[in-house]
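> Could you have a look at this structure, given as structure tokens, before my questions?
The values are calculated or read from the model by the stated rules, or taken from the named source; none is laboratory data. These figures come from a predicted structure and were not determined experimentally. Here the Cβ positions follow ideal geometry from the backbone for every residue, glycine too, while neighbour counts run over all protein chains shown.
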Amino acid sequence: MRYLFLFVFQVTRVIGHGELDEQIAKISTQIAATPNDPKLWLTRADLHHSHRDSKAALADLRQATRIKPLHPPAFLKLAQFERKSGRPSLAIKALETYFRLQTNPVHHAFREQALLASPAHSIEPWRLYLKKADKPNMHDYALAAEAALDTRNLATTREFLKAGLGHFPKSIQLHHLRTHVLLAGLDLESAQKTFQALKLLYPNLLVKLNYEESLIWAHYDHQSRSRQALVSARKAYQQLPARLQENRDLKELASKIKTTLRK
């Protein structure tokens, strides 16, 4: 099951390639002098990754895992890289080696374990990660709750959502997941109140919020409520200033709303 949410974009600082080239050259000199230090290979792998040279980054990560005595963080880094590169079987193999070597795993190792596992097998790793991490981000709470919801484990979903909303009480994504739990439990009134509370929190996002509400209602086969939310979304768009109605994303959304209402 997939759930529909607003997207949050994060802007990150990008180091210039010239600066990266200098750093790579410096660490390469250190590697030549001390080739059996896995930490140096891991550092250069990170630099290659920032340089968008995945082939070189992978080569350095694999070299770091060959150095004896084996360095557990190298296997964790390799697992992360393989997962992000779309090679889950290799990621699992590297992560299994990490856990075999590391008697006291770091918290983000459990996150990797959760991300690589099926929803049913990810719940305990998510629980361990969220317990051990100093400041889990909102997205991690959402992923944990979604995994629990996929397995229809509503009690655990509530557990993750309660913890997440304790840290991020205004999160649209977490509140939307909460409505899934409420509707799965047939608590329509509480779900409606949650939708309304979000719209009070974010009056400038009424078009998107009403549209997403309609999708959630439709997912649970409440077609009349879904249509009502669509009508509210159309009305919210029509009430926008003309300059905002010309926004490309909002225009595309308005077109979807119009098409759906015609069905």
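> Could you please tell me which pairs satisfy a Cβ distance under 6 Å, a separation of 6+ or placement on different chains, a first residue in segment 87-107 that is within 17 Å of LEU128 (Cα to Cα), and a second residue that is crowded, with 17+ Cβ neighbours inside 10 Å?
Filtered contacts from segment 87-107: LEU95/ALA79; LEU95/GLU112; TYR98/PRO72; TYR98/PHE75; TYR98/LEU76; GLN102/PRO72; HIS107/TYR129.
> Related question: Condition (residue is outside the structural domain of LEU143 (by TED's automatic domain parsing) and within 27 Å of ARG152 (Cβ to Cβ)) applied to segment 234-254: is it met by at least one residue?
no
> Looking at segment 89-127, which of the residues that are among the basic types (Lys, Arg) and not assigned by TED's automatic domain parsing to the domain that holds LYS77 is nearest to LYS68 (Cα to Cα)?
Out of the qualifying residues, it is ARG111.
> Of the residues SER171, SER190, SER122, only one is more than 30 Å from PRO241 (Cα to Cα), out of contact with any Leu (no Cβ under 6 Å at 6 or more places or on another chain) and among the small types (Gly, Ala, Ser); which?
Values: SER171 fails: more than 30 Å from PRO241 (Cα to Cα); SER190 fails: out of contact with any Leu (no Cβ under 6 Å at 6 or more places or on another chain).
Just a single option satisfies the conditions, and that option is SER122.
> If you don't mind, another one. Condition first: surrounded by fewer than 15 Cβ atoms within 10 Å (Cβ to Cβ), at pLDDT 95 or above and of a type in the set (S, T, N, Q). Now tell me which residues in segment 83-99 satisfy that.
Scanning segment 83-99 gives a single hit, SER89.
> On to the next question. Every residue in segment 220-249 that is surrounded by fewer than 16 Cβ atoms within 10 Å (Cβ to Cβ) and either in contact (Cβ under 8 Å) with a residue 24 or more places away in the chain or aromatic (Phe, Trp, Tyr) (or both), please.
Hit for segment 220-249 is VAL231, nothing else.
> Name the pairs: first residue in segment 199-219 and touching a residue at least 24 places away in the same chain (Cβ under 8 Å), second residue surrounded by fewer than 16 Cβ atoms within 10 Å (Cβ to Cβ) and of a type in the set (Asp, Glu), Cβ to Cβ under 9 Å, at least 6 apart or on different chains?
LYS208/ASP249
Per-residue answers, yes or no, for (1) buried (at least 17 other Cβ atoms within 10 Å of the Cβ); (2) touching a helix residue (DSSP H, G or I) at 6+ places or on another chain (Cβ under 7 Å); (3) not polar (S, T, N, Q):
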| position | (1), (2), (3) |
| --- | --- |
| LEU76 | yes, yes, yes |
| LEU101 | no, yes, yes |
| ALA109 | yes, yes, yes |
| GLN113 | yes, yes, no |
| ARG127 | yes, no, yes |
| LYS131 | no, no, yes |
| HIS139 | no, no, yes |
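Residues checked against (1) farther than 17 Å from ASP187 by Cα; (2) more than 27 Å from the chain's Cα centre (by Cα):
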| residue | (1), (2) |
| --- | --- |
| TYR211 | yes, no |
| HIS222 | no, yes |
| GLN239 | yes, yes |
| ARG243 | yes, yes |
| ARG248 | yes, no |
